[in-house]
Amino acid sequence: MSKPTKQQIAIDLLEWDEILREVSLRDSEFAERVKALTDRSEITRPGDALTDLRVRLVEEVLTDVSRARLAAVSHARLAADGRFVPWPSRKRRGPPKYAELLLTAFASTRHAEAMIGDLNERHADWCKRFGGRWADRLYWVRAVQSIGPLLWRSVVKALKWAVVISTVRRFLGL
Amino acid sequence: MEQLTTLEQHVLLAILGLHPNGYGVAIQDHIRDRTGREPSIGSVYTSLDRLEEKGFVASRQGEPTATRGGKRKLYFTITAPGQHTLRQSLQAIGSLSRGLRWKEAAAT
């Protein structure tokens with residue numbers, strides 16, 4: 001993973017909408033805090049840079065009340081001493097691509113997009129609650145559970161068409 | 001009279017209860033919260049597919065969102081024939097369960 005630039009980090013932090021929603025800071029004030037943090041940051045581990053910065057931002061900017069609330073939505077956990085600790089497994093990530101492909105193969109064409117979108121919505125929620133790895137596992141479980149009914153529906157539809165075609169052929173004497 | 005399966009009844013009732021915001025996730029949650037049983041998203045969409053084919057539900061597309069990976073929601077509403085069939089189906093269950101002697105029928 002390449003080392004993110006300070007500008008990328010600042011943009012990422014500013015787009016962290018959960019923080020912006022929870023913190024009742026004005027945008028300009030928030031931007032100032034982010035700039036101050038990124039200016040003096042020393043990034044040692046590229047992979048954890050964003051999480052580290054978020055944690056520091058949370059610690060510096062938030063009041064005690066909103067700190068506790070933010071434990072649920074941030075990419076960090078609240079330790080016993082009241083400090084935020086990075087939790088790398090709780091990174092947000094996209095849903096597993098192969099599970100998505102599997103569902104696309106079995107779903108009816110008119111509902112495929114909506115159904116996969118629904119599972120993606122669940123995945124985003126699971127990421128926040130259980131972390132990315134568990135969210136991926138749950139996504140796979142739900143995808144596999146869905147294959148049975150979708151496959152059965154496809155078989156029934158195919159059989160119906162087979163009956164119609166054979167009836168027409170018999171009627172026409174083909 | 002067109003027959004409805006239990007899941008189809010649940011899905012139609014959920015769509016009625018959530019009107020006009022009934023889409024896959026909301027329908028699934030609605031059924032889970034009220035029956036204690038969560039159908040898979042595949043089962044829900046299979047039922048919706050059947051119901052739409054029979055003309056009992058109609059769908060309209062929503063806006064794509066980032067949390068859904070840019071995929072659009074599909075909102076479902078119940079049609080007049082759908083409401084009629086659901087009412088008939090529930091009435092049939094109501095008339096079957098009316099006047100039952102539960103205590104006498106229980107095996108000891």
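In whole angstrom, chain B maps to an equivalent ellipsoid with semi-axes of 31, 17, 10, each derived as √(5λ) from the alpha carbon gyration tensor and ordered largest first.
Which of the pairs A:K128/B:K54; A:K157/B:K73; A:K128/B:K73; A:K157/B:K71 have their Cα atoms more than 32 Å apart in this structure?
Working: A:K128/B:K54 39 Å; A:K157/B:K73 25 Å; A:K128/B:K73 21 Å; A:K157/B:K71 26 Å.
Too far apart for the 32 Å limit: A:K128/B:K54.
Under 5 Å between amide hydrogens, built in the peptide plane, is the criterion, and for B:K71 it picks out B:T65 among residues at least 5 positions away or on other chains.
A Förster radius of 35 Å combined with the Cβ-Cβ distance from B:R87 to A:V156 puts the calculated FRET efficiency at roughly 0.85. For the pair B:D29 and A:W134, label points projected 7 Å from Cα toward Cβ lie 1.9 nm apart. With each label modelled as a point 7 angstrom along the Cα→C-beta vector, the B:T65-B:T77 pair spans 2.0 nm.
Give me the number: length gained by fully extending B:K103 to B:E53, i.e. 0.36 nm times residue separation minus the C-alpha to C-alpha distance, one decimal in nm.
Details: separation 50, 0.36 × 50 = 18.00 nm, distance 4.23 nm.
Stretched fully, the B:K103-B:E53 segment lengthens by 13.8 nm.
Rounded to the nearest Å, what's the spacing between the alpha carbon centres of segment B:59-80 and segment A:111-125? Just the number, please. Between the Cα centres of segment B:59-80 and segment A:111-125 lies a distance of 10 Å.
Farthest toward the positive end of the dipole of chain B, out of B:Q3, B:G69, B:G22, is the Cα of B:G22, where the dipole comes from beta carbon charges about the Cα centre.
FYI, it's all coordinate maths here, none of it is from the lab. Keep in mind that this is a model prediction, so the values were computed, not measured. Note that each Cβ is placed from the backbone with ideal geometry, even for glycine, and that neighbours are counted across all protein chains shown.
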